[in-house]
Every structure is written in structure tokens, then in C-alpha cells.
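In what follows, a structure is listed as C-alpha cells, so that the remarks can point back to it.
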Amino acid sequence: MDFVELEAIEGLRWSWNSWPVSKSEASGLIIPLSIMCTPLMHFNELPILPYDPLICTQCGAVLNPYARVDYQSRIWVCPFCYRKNPFPKSYLGINENNIPAELFPTYSTVEYHLGKKGLAQNPNSSSNFGNMSLSSKMPSFSSTSSSLDWVGYGIGPAFVFVVDACTSDEELGVVKNELLHVIAQLPETALVGLVVFDSMVRVYDLGFGECCRVVMFHGERELSSEQGFKITDRGEQWYRDHPFTLRDDSLVLCDADIDQVRKIIDKIRRNFIWEGNNEKRAFHLVNWDVLIKSKKVGGLGIKNLNAHIQSLLMKWIWRYNLETYVLWRNVIHDKYGQDDDQWCSKVIVRPHGVGACKAKAIRSLWSLMAGNIGLRVGNGRKILFWCDNWLGHGLLKELFPEFFSIATAPNISLE
């Protein structure tokens, strides 16, 4: 069957027509493996199987028409991980002429009506194909998949809304209005989840009714699947034992807590910046890193003025050497003393009044300035033979450390 025809039947579009068979092939894909799904797609003939599915004991995949089946040994091979799985006793009568509906080539999409225990205890439980009468082995059909009686729980599909809060207030307001409009159109049996991200990623626990509980992650830190399992109350093994469990505190039914969802959506704002609300005035204290961080990563995108301020302060070091006759230069020289290299004053290590703050800040930039300027030899009075880059190839004390270690005058000038 053509891929376009399959898309029209199943409502699924794959990024690749051929699935990679090794990790090396998968890692070489430019476009990652993905599936685009059409939610609530109408099916003319959707089989609803009145028994529990068989799942792979290694990866959790469900028995399907693409699995290889050995009827003699009663073993099926998972098409994803190639694990050999035995059929349970309930499939004792399976053969080439008597196969369950999930192996029909034309049934690539089916739904299961789970038993009372579902898959909570044993994925390959006894309530399978073999326990049905001959007439019940033929699947029943539903005229549409939007009946939303999914797997016997009366629960529909889950919609997780992911909101980018790094936008203007006007754009964010439009997004919130659209979200409220979409949620109002969802069926009552649909599940709803909410994730908001800016400089932080916030996963709302909509099922917690006592207060607004949120799980927050740092936007620049990657979280592995193992760490994600630790955050929940249940461990990784629990989810492996309950692959079809629909219970999740971060998801709620539309008809149960929709008012709570609306309140949370209406209060979405740029929480990493603003505090308070329109009726109450509050201080807005923002971390400096957030101010200068790019908007793409959740910051304000304000220009970092540190380099600009440093360059303006370094100008005074340059003027200190040129304007030897001005009053301010002589005051600094007499108050703090002259450094050995004669380019600036001595290091200011103790407070000298309010005016010393600026002088101290300027003097602290000399090492940065000295490493980024070139020297041209004049009379050699201010150029240190060992400690200045007057050759243009580096400092002599670093190029010839053995000679510098035995020098009798390490601070001698070229004069």
C-alpha cells in the first residue's frame, strides 16, 4: 500500500519511510525519527478488541502485524527490539489459519478494551485472544474513534499545551485567549496538561487541588529520563510495569478541573521578570545575568555594558601618562604613589574616601589594559625590559624564564 494511502487511513505521517535497524543509522539521520498524529481522526472501521494486548517484555511494544510469528514454537519477535516473546497459554490455538485480529495485515490501527485489572499486574494476562468464543474473536467495529471510550476507561486523548512565555505581553495575551478557546472546544473526557517555559521550565500539577503546585526545571540544564522518573512519586520500574496507565497528576479531565486550568492559564506571565499584578505595585528585582542574556534563552536581551564601561575607565590610565601637568593626575600621584612601571599609580588596597572608589576601579583595570596594548620604544624610560611586551612577541621573562630567574634587576627599564 502506498504511504499516502496509509496516511489517509491511519492519520499518521512518519518523518522517514524506512526505520533504521541500528544505532549508527539512527545517529546519522539529519531529520530525527518522529510521527505526526492527527488527533481525534475519524475511522470508518476501527477494530475494538475485547481483550488485553500482548506487549514486549523488553521494550513495551504491542503485538502488531509487523511482528514476525513462529507458529510452531508459539513465539513472536518484536519488530522494534527483536526480542523473542512467548505467547501465553490463552493463545494456544493460534496458527496460520487462526490468528488474532491484531495480526491482521489490514488492522495496523486497533483499540483494546482492557479488563478490570488492565495491565497493572501482568502485561500478558490470561484475558487474551484464546479466552474468547469463536464468534467473539472477530473484532467489533466503531464508526468513529471519537467515541472517546478509550481502553475501557471512558477517558479521551491527552492534550499537553506548551507555552513560550518569552514574548511580549500583547502576544502572550493572544496565546492565552486562544488556549482558553481551544480548551472550551475539547470533549469532556479529554485530558489536559500545561507546560510553560522561559528561563525556567514549569510543569503544572493540575491534579493537585489544594494549591497551585509546579515542578520547575532550569532552562539551561538537560534532564535525562532517569532523572525525570525520580521527580515523580513513582519510579521507572512502576511505569515499565504499567505501560498503559492513564493516571498522571499533571493531567486532568476537562470536565473535572477546567476552572482551575483556566485560572492558571489566565495568570501566565513573564514570571522571571514581573512580580505582583496590575492592582498591586511591587518591586521588580531582576538578576543581572537575566538582563543581559539573549531573548532566545529567556533573558531580556539588554546590551552588556561591562566592556563599554571598562574601556571608558581605561581612558583615564592613558591620560594619566599623557597629562602629567594636570591637577587631578598630580593629586592621585601624591596620594597613592607611583607604580614601578610608571604607567599608573600603586595598587589601592585600603579605603581613601569617597573619591578613591573611582581611582581604585581605574587602577584595577591596568592588568587588562596592559595585555591588550602594543608598545613602541621611545626613550625607554617607561618600558620594563623583562616585563613589557616591547618586542611584540611576548614578555621576555616568559620567553626566557631561566635568564629572568638569575637577573639582578628584574624591573630594569630600557633607558
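The values are calculated or read from the model by the stated rules, or taken from the named source; none is laboratory data. Note that the structure is a prediction, hence the values are computed from the model and not measured. Every residue, glycine among them, receives a Cβ derived from its backbone with ideal geometry; neighbour counts consider all protein chains shown.
Here are the numbers for this structure:
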| item | result |
| --- | --- |
| Filter result (of a type in the set (A, V, I, L, M) and in a helix (DSSP H, G or I)) within region 388-415 | Leu396, Leu399 |
| Strands (runs of 3 or more DSSP E) enclosed by region 1-64 - at least 2 residues per element that are surrounded by 14 or more Cβ atoms within 10 Å (Cβ to Cβ) | 12-14, 46-49 |
| Near pairs, Cβ below 9 angstrom, 6+ apart or cross-chain, from region 7-22 (over 21 Å from Met41 (Cα atoms)) to any residue that is exposed (fewer than 14 other Cβ atoms within 10 Å of the Cβ) and polar (S, T, N, Q) | Trp16/Ser34; Pro20/Ser27 |
| Neighbours by Cβ (under 8 Å, 6+ apart or cross-chain): first from region 79-105, not assigned by TED's automatic domain parsing to the domain that holds Cys56 and among the hydrophobic types (A, V, I, L, M, F, W, C); second crowded, with 16+ Cβ neighbours inside 10 Å and at pLDDT below 85 | none |
| From the options Met36, Met41, residue that is aliphatic (A, V, I, L, M) and without any contact (Cβ under 8 Å) to a residue 40 or more places away in the chain | Met36 |
| Among (1) exposed (fewer than 14 other Cβ atoms within 10 Å of the Cβ); (2) under 30 Å from Glu222 (Cα atoms) - the single one Val175 does not satisfy | (1) |
